[in-house]
1. State, to one decimal in nm, how far the label point of residue 244 lies from the label point of residue 91, with both points 7 Å from Cα in the Cβ direction.
2. For the chain, with every protein chain kept in place, what is the accessible area per residue (1.4 Å probe, Å²)?
3. Quick one: compute the contact order of region 182-267, relative version, from alpha carbon pairs under 8 angstrom and 6+ residues apart, as a percent.
4. Let me check I've understood the local charge: for residue 103, count other residues with C-beta under 15 angstrom from its C-beta, Lys and Arg +1, Asp and Glu -1. What total comes out?
5. What number in nm² do you get for region 41-103 if you take the convex hull of its Cα atoms and divide its surface by four?
6. Nearest 20 debye, what's the magnitude of the dipole of region 163-221 about its Cα centre given +1 on Lys and Arg Cβ and -1 on Asp and Glu Cβ?
7. How far apart, in nanometres, would the label points at residue 148 and residue 40 be if each is projected 7 angstrom from Cα along the Cα-to-Cβ direction?
8. Treating region 184-239 as a set of equal point scatterers at the Cα positions, no solvent, please give the Debye-formula log₁₀ I(q)/I(0) at q = 0.13, 0.23, 0.27 Å⁻¹.
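The values are calculated or read from the model by the stated rules, or taken from the named source; none is laboratory data. On a predicted model such as this, the values are computed, not experimentally measured, just so you know. Reconstructed Cβ throughout: ideal geometry from the backbone, glycine too, with neighbour counts over all protein chains shown. Keep in mind that these areas ignore ligands, DNA and RNA; they rest on the heavy atoms of the full protein, side chains included. Shrake-Rupley method; radii C 1.70, N 1.55, O 1.52, S 1.80 Å.
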Amino acid sequence: MARVRARLPRQARDVPWGWAAAGAALGLVVALLAFAPARWLAGALAQASGDQVLLADARGTVWAGSARLVLAGGRGSADVAALPGRVRWQLRPLWDGIAMQVQAECCTPAPLVLRAHWRLAGPRLEVADAVSQWPADVLAGLGTPWNTLQLDGQIRLATQGLSVEWAEGRPRVGGRAELEAQRVASRLSTLRPMGSYRITLQGGAQASLRLETLEGSLQLSGSGQWVGARLRFRGEASARPGREAALANLLNIIGRRSGERSLITIG
């Protein structure tokens, strides 16, 4: 009996199956990245922040999604506070990094725009000029000392040409940021409000920080500079005449007492 040899058509034998398999695998990876669920971003943020910044009830994808922003005291902490409403984001890849737009229903009249660039010298983060306003009570979720202070009021943040770049593990700040804590109150004092305050971050060869009182019975002042990667800050707090008793508990907690003043030292 003659042997019958099955032969594939010439076109089938010429198909580059290796390249086809590689293309299919690449397409699968691209599709997986394009439709990666938002919970992946939530998990990465939780791990990077030590479970202090959480995206609860995350919906959508890594590239376009929304969640409830929650601040927590970290692993094992019972302190939790959520920002009102939802936070929405959009991510867009750049040739040397990534661009992000973030909008909080409660707090940002327009989306906040950030760009991260990966460079040989070190990463660089740029923040577009913007103004936003945030509730101070959400800070209590971060645990000590915020859960003790239980602040109330509004925090207004304004940035101008703000950027941070890292070289050899050291941050270098450019531009300016102003944070105004408006009509602040605390459960440690019967005064409501205690006052309004401004913290100014000024970038440069050696970034500086300045604290000043805009108005109020609690007087705060101080200044500091970044030395390498560490902030060195010296300030003081005091009460206006006649308000000492109402602010005594707060002054005992926020710094080291020296007579009528409370000395604030960082670094």
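1. Each label point lies 7 Å from its Cα, and together they span 5.6 nm.
2. 61 Å²
3. Working: 180 pairs, mean separation 18.9, N = 86.
Result for region 182-267 is 22 percent.
4. Details: positive: 59, 68, 86, 88, 92; negative: 105.
Summing Lys and Arg as +1 and Asp and Glu as -1 gives +4.
5. Mean orientational projected area (region 41-103, Cα hull): 4.4 nm².
6. Dipole magnitude for region 163-221 comes out near 180 debye.
7. Roughly 4.2 nm, to one decimal.
8. Taking Cα atoms of region 184-239 as identical point scatterers yields -0.40, -0.86, -1.01.
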